[in-house]
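Structure, as structure tokens:
The values are calculated or read from the model by the stated rules, or taken from the named source; none is laboratory data. Please read these numbers as outputs of a predicted model, since none were measured by experiment. Don't worry about glycine lacking a Cβ; one is built from the backbone with ideal geometry, like all the others, and counts go over all protein chains shown. Only protein heavy atoms, including side chains, enter the accessible area calculation; ligands, DNA and RNA are left aside. Shrake-Rupley method; radii C 1.70, N 1.55, O 1.52, S 1.80 Å.
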Amino acid sequence: MSEAAWLDVIRQMDQTYSGLIDYQVELEKKNADLEAMRQFMDSVLESMTDILIVCDRNGLVIQLNKTAARLAGLPDGSTGTGTVFDLVASFSHEALKAMLGRASQAAPAVSEEIVLHTTDGEAPFEVSASPRRDARGRLLGVVLIGRHVGELRTAYSALNLAHDQLKDAQAQLVNSEKMASLGRLVSGVAHELNNPISFVYGNAHALERYVDRLETYFNVVEQGATREELVTLRHSLKLGKTVARLRDAASGALEGAERVRDIVEQLRRFSGTGRAPPEPFDLVATVQTAVGWVTRTQRPDLVIDWAMPNALMVTGRSGHIQQVVMNVIQNAVDATETVQNPRISIQLGSEGANAVLRISDNGPGLSDDVRDKLFEPFFTTKPVGKGTGLGMSISYRIVADHEGRLSASNAEGGGALFEVCLPIEGAGTDA
Ligand SMILES: Nc1ncnc2c1ncn2[C@@H]1O[C@H](COP(=O)(O)OP(=O)(O)OP(=O)(O)O)[C@@H](O)[C@H]1O
Ligand SMILES: [Mg+2]
């Protein structure tokens with residue numbers, strides 16, 4: 001071989017050698033990258049407090065993270081020999097099977113509660129499964145990720161407890177609102193009953209006196225008194241007047257008793273439960289009763305302007321509407337408490353298919369803030385013990401139940417204006 005040929009061979013060997021060195025360097029770099037990547041993955045998996053289980057298409061466990069291995073009582077880094085079903089309590093097998101099936105079909109992942117065997121016994125985990133694929137998208141198996149639900153449970157039960165306590169507190173508040181309106185009602189009713197009862201009482205007393213006189217007279221008649229004696233007695237006993245007054249006293253007593261009966265009837269309707277069927281009632285009478293009960297025990301200088309027809313029939317639950325009117329009037333009374341010449345105007349009339357009741361006062365009116373929150377339960381600007389803040393929210397609901405509308409604004413000359421709009425035909429007329 002010529003010298004030139006030898007030189008060529010040596011050059012080619014040189015080239016191959018340096019190519020090999022480059023390859024080796026590149027390989028080492030790739031190895032280092034891979035190692036770094038592996039360490040990164042390991043550190044991520046290790047720091048996971050959730051469990052992670054990787055399985056193949058048949059459910060055979062390929063890898064567990066540290067948390068999962070520790071829980072299952074397996075040595076760290078164990079690749080697992082059994083199937084994922086070995087790690088799961090038997091009654092969770094069905095759920096797990098369905099979950100793996102869904103993941104293999106690439107259906108959207110849903111998390112489920114699965115009970116796992118752990119070194120501390122069986123424990124529930126919120127587990128979700130997702131498919132694991134190769135670079136070409138072929139299914140290799142499933143990855144399961146789970147979180148212990150014990151902590152979640154504790155948080156949930158604490159939340160439940162707090163919720164229950166809140167409900168109790170709310171029920172108590174609703175109850176105290178009922179007691180408050182009952183208190184107002186009772187003082188109104190006591191006032192209202194006082195008149196007819198004293199009327200009945202006075203007339204009954206008069207009747208007793210008249211009976212005494214008549215008895216005296218008849219005794220004397222029975223004893224066979226003379227005509228002259230009887231005439232004198234009639235005069236001294238004022239029997240003529242007595243007989244004339246007898247009828248008045250009896251009808252007075254009757255009238256008083258009837259008034260008492262009416263009041264009791266109104267009360268009965270007021271306390272009627274929400275289940276009572278809607279029926280036609282006179283809104284004018286209901287408004288008058290409600291206003292009477294609230295305002296009777298208030299300041300004597302409170303002026304009430306009325307503008308109402310003689311009657312206006314609507315359909316619904318009169319007791320409930322009465323409660324609404326009482327709440328609005330009570331608020332108006334409260335709002336005018338410190339006003340010089342307190343005045344409440346009540347206007348009722350029909351407008352189209354609706355009965356519209358407008359109640360305005362000359363109090364301070366409603367600020368934007370109050371208007372925003374007025375119908376929210378428990379919103380009150382009144383001191384503790386005076387208002388629960390339920391009046392308007394309950395009233396709003398009652399009117400809405402009647403398919404009507406309760407709204408609030410400010411009256412033109414200042415003061416608040418409440419409008420109760422009720423369909424004349426009424427809600428549930430056909431019910
Ligand atoms: N006519 C009014 N004028 C001014 N403010 C009013 C008027 N009516 C209601 N408000 C305001 O709206 C708030 C809520 O009224 P709501 O009737 O719901 O509760 P409350 O009167 O405070 O308590 P409750 O009615 O339960 O005893 C009141 O605290 C008050 O600030
Ligand atoms: Mg109120």
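Take every pair of alpha-carbon atoms less than 8 Å apart whose residues are at least six positions apart; their mean separation over the length of the chain yields a relative contact order of 9 percent. Between residue 416 and 361, 363, 365, 411, the built amide H atoms are under 5 Å apart, and every one of these is 5 or more places off in sequence or on another chain. Counting only protein heavy atoms and a 1.4 Å probe, the range 274-431 has 48 square angstrom of accessible area per residue. Residue-wise HN-Hα couplings along the range 243-256, as the Karplus relation 6.51 cos²θ - 1.76 cosθ + 1.60 with θ = phi - 60° gives them from phi, are 5, 5, 7, 3, 4, 4, 5, 5, 6, x, 4, 5, 4, x Hz; Gly and Pro carry x. Restricting attention to the chain, lysine pairs at least eight places apart or on different chains and with alpha-carbon atoms under 26 angstrom apart total 10. Derived scalar couplings between HN and Hα for the range 330-345 equal 4, 4, 5, 4, 4, 5, 9, 4, 9, 7, 4, 10, x, 8, 10, 9 Hz in order, rounded to whole Hz, by the Karplus curve 6.51 cos²θ - 1.76 cosθ + 1.60 (θ = phi - 60°), x for Gly and Pro.
In this rough spin-label picture, where each label sits 7 Å from Cα along the Cβ direction, the residue 6-residue 211 distance is 16.0 nm. Here the label points at residue 34 and residue 303, each 7 Å from Cα along the C-beta direction, are separated by 10.0 nm in the simple model. Accessible surface calculations at 1.4 Å, restricted to protein heavy atoms, place the range 3-153 at 66 Å² per residue. Put simply, the amide H of residue 316, placed in the peptide plane, has neighbours under 5 Å in 279, 281, leaving out anything fewer than 5 places away on its chain.
With an a/c value of 1.5 or above and a/b larger than b/c for the gyration tensor axes a ≥ b ≥ c computed over the alpha-carbon atoms, the range 274-431 is described as prolate.
Remark: the residue 190-residue 105 segment gains 23.0 nm on full extension, using 0.36 nm per residue and subtracting the alpha carbon distance.
Residues whose amide H falls under 5 Å from that of residue 355, counting only those 5 or more places apart or on a different chain, are 422, 424, with hydrogens built in the peptide plane. Across the alpha-carbon atoms of the chain, the computed radius of gyration and Dmax are 44.9, 188 angstrom. Taking 7 Å steps out from each Cα toward its Cβ at residue 347 and residue 139 produces label points 7.4 nm apart.
Reported to the nearest whole Å, the Cα centre-to-centre distance from the range 204-267 to the range 104-118 is 93. For the range 20-36, backbone phi angles converted through the Karplus equation (6.51, -1.76, 1.60; θ = phi - 60°) give residue-by-residue couplings of 5, 5, 4, 4, 4, 4, 4, 4, 4, 5, 4, 4, 4, 4, 4, 4, 4 Hz, Gly and Pro being listed as x. Summary value for the range 3-153: 19 percent relative contact order, contacts being C-alpha pairs under 8 angstrom separated by 6+ residues. Given the C-alpha centroids of the range 83-103 and the range 286-365, what is the distance between them in whole angstrom? That distance is 68 Å.
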